[in-house]
Protein chains: 2
Amino acid sequence: MIDVKTLCLGVLSRGDASGYEIRKEFEDGPLSHFSDAGFGSIYPALRRLLDDGLIVMLPHNGDGRPDKKLYRITPAGRHALYQTLTRTPAPDKLRSDLMFILSFGHLLPPRHLDRIIGDRIADYRRIIATLEVEGETTLRTPGERFVEGMGLAIYRAVATYLEEHRHELVAAALMESQVA
Amino acid sequence: MIDVKTLCLGVLSRGDASGYEIRKEFEDGPLSHFSDAGFGSIYPALRRLLDDGLIVMLPHNGDGRPDKKLYRITPAGRHALYQTLTRTPAPDKLRSDLMFILSFGHLLPPRHLDRIIGDRIADYRRIIATLEVEGETTLRTPGERFVEGMGLAIYRAVATYLEEHRHELVAAALMESQVA
DNA sequence: AGGTACATGTAAGCTGTTACATGATTTT
DNA sequence: AAAATCATGTAACAGCTTACATGTACCT
């Protein structure tokens, strides 16, 4: 699996950034839908990358905040990123809390079940709407556009599936609760 | 995120099993598509569950292999599982090696890029075919059927997206390689 | 004056992975 | 007789999360 160091290298390959900015990328940026990292992992990762010579720290020009540290990827860093990128990717697992829970869905209180499914549909519809707007406004690299489209396809498939089948599971839960 | 202990409880809620059998569930069973755990996590997890009284070990009847340990979930274990199941599920991230790699896809050698996408399409088509057969033969709980259908919907969406858009990304990679 | 956003980092603890170590049973 | 599968476990390590600790700058 891709580790935080590689995630940071990926962000830095698109331009200089501070630890804080890298984190924002994981929250809002194009990588946000399939990665996640807090300060507690980013700062140690940057330290490691520095030690390994994969990134360098830029001398801060006096005008900005003095404690902000800008990092830049080195040629060795680009090479390391390239190596990771060309490794055969591990098969994806759909690690999902929701799917685990729903695989026992028929055992849950029908109302609760209906609510968590409904909530998740709303979440996805919101994300889809956001992505659709972003896709038209924001400029992206071809890779980012491709992946964004892929994410959109997945979110749509899940939202549609949940909408079309939720009643089946809720009905099963209802039956189950009447038996007990 | 769902931990291995909960995963084990989930398997045991459907019937007694040994550590080895639980692991097989994660490899072949209905949970296999969105969970993953090796012996190194399962055995310590079972120990913890035992210590916490959430499972008990059954006395082995002499006929089987003497070293096989069968575990059974206790009422306390069912309660703990239920608690986890009714917690609000964390939002799902699409943690995916492939998506990370493809977000830099335009920078990769076009042939390599085309191959990894093609391989992944083949992987998914194979999984889809297997699930379609299983769905008709194997008996499942309503929850499992629901989740299996959801997995199928996702795999189909991804496979179709990759088939329909791979040429765009490969074309971008080709342009990029000619510029350099 | 207070709140929010910016900004960096450390330490403890938890979890999980990988590799190792062992041995029985079944199939070929 | 060898290979595969069944079967359990430990130890070292890697990695991430959470909570803590600190301080600045801007906006209202």
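Side notes on the structure shown:
- Nitroxide proxy distance, nm - points 7 Å out along Cα→Cβ at B:LYS93 and B:HIS79: 3.4
- For the range B:97-179, the Cβ-based charge dipole about the Cα centre amounts to some 80 debye (Lys, Arg positive; Asp, Glu negative; other atoms uncharged).
- Structure-based [θ]222 nm, the protein assembly as shown - -39500 (n - 2.57) summed over DSSP H runs of at least 4, per residue, nearest 500: -21500 deg cm²/dmol
- Shape class for the range B:4-86: oblate, because the ratio a/c of the largest to smallest gyration tensor axis (alpha-carbon atoms, square roots of eigenvalues) is 1.5 or more and b/c is at least a/b.
- Across the range A:97-179, the mean sequence separation of Cα contacts (distance under 8 Å, 6 or more residues apart), normalised by length, yields a relative contact order of 59 percent.
- Each residue of the range A:86-91 was assigned a 3J(HN,Hα) from its phi angle through the Karplus expression (A = 6.51, B = -1.76, C = 1.60, θ = phi - 60°), giving 9, 5, 5, x, 5, x Hz with x at Gly and Pro.
- Of the solvent-accessible surface of chain A, computed with a 1.4 Å probe and all protein chains present, 55% belongs to carbon and sulfur.
- Angle of helix B:142-179 to the longest C-alpha principal axis of chain B, folded into 0 to 90 degrees and rounded to 10: 30°.
- Positive-pole candidate from B:ALA129, B:PRO142, B:SER96, dipole of the range B:91-152, charges at beta carbon: B:SER96
- A:TYR71 long-range amide H proximity, modeled H, under 5 Å: A:ALA17, A:SER18, A:LEU58
- The range B:108-180 and the range A:120-180 have Cα centres separated by 17 Å.
- Shielding by partners, peptide A:158-167 (average Cβ within 10 angstrom, other chains): 3
- Area buried, chain B against chain A - accessible surface, total, 1.4 angstrom probe, square angstrom: 6200
- Within the listed set A:ILE101, A:ILE55, A:ILE128, the Gaussian network model of chain A (springs between alpha-carbon atoms below 10 Å) gives the highest mean-square fluctuation for A:ILE101.
- Average accessible area per residue (Å²) across the protein assembly as shown - probe 1.4 Å, nucleic acids and ligands excluded: 52
- Percentage relative contact order, chain A, counting C-alpha pairs under 8 Å, at least six apart: 21
- The modelled label-to-label distance between B:MET57 and A:GLN178, using points 7 Å beyond Cα along the C-beta direction, is 4.5 nm.
- Based on Cα contacts under 8 Å between residues 6+ apart, the range B:4-86 shows a relative contact order of 36 percent.
- Sequence-distant residues sharing a close amide H with B:ILE55 (under 5 Å, placed H): B:LEU50, B:THR74
- Candidate aspartates and glutamates - alpha carbon under 12 Å from B:LYS69, same-chain residues fewer than 8 apart omitted: B:ASP16, B:GLU21
- The GNM of chain B, with springs linking C-alpha atoms under 10 angstrom apart, assigns the highest mean-square fluctuation among B:GLU25, B:GLU148, B:GLU134 to B:GLU134.
- Surface accessible to a 1.4 Å probe, A:TYR20 within the full protein complex, Å²: 130
- Build a GNM of chain B with springs between Cα atoms under 10 Å apart, and of B:ALA45, B:ALA80, B:ALA90 the one that fluctuates most is B:ALA90.
- In the range A:20-91, the trypsin sites (Lys or Arg not before Pro) that fall in loop regions by DSSP, at most 12 other Cβ within 10 Å: A:LYS68, A:ARG87
The values are calculated or read from the model by the stated rules, or taken from the named source; none is laboratory data. Everything numeric in this text was worked out from a predicted model, so none of it was measured. Note that each Cβ is placed from the backbone with ideal geometry, even for glycine, and that neighbours are counted across all protein chains shown. Each accessible area value is taken on the protein alone, full model and side chains, heavy atoms only, with ligands, DNA and RNA left out. Shrake-Rupley method; radii C 1.70, N 1.55, O 1.52, S 1.80 Å.
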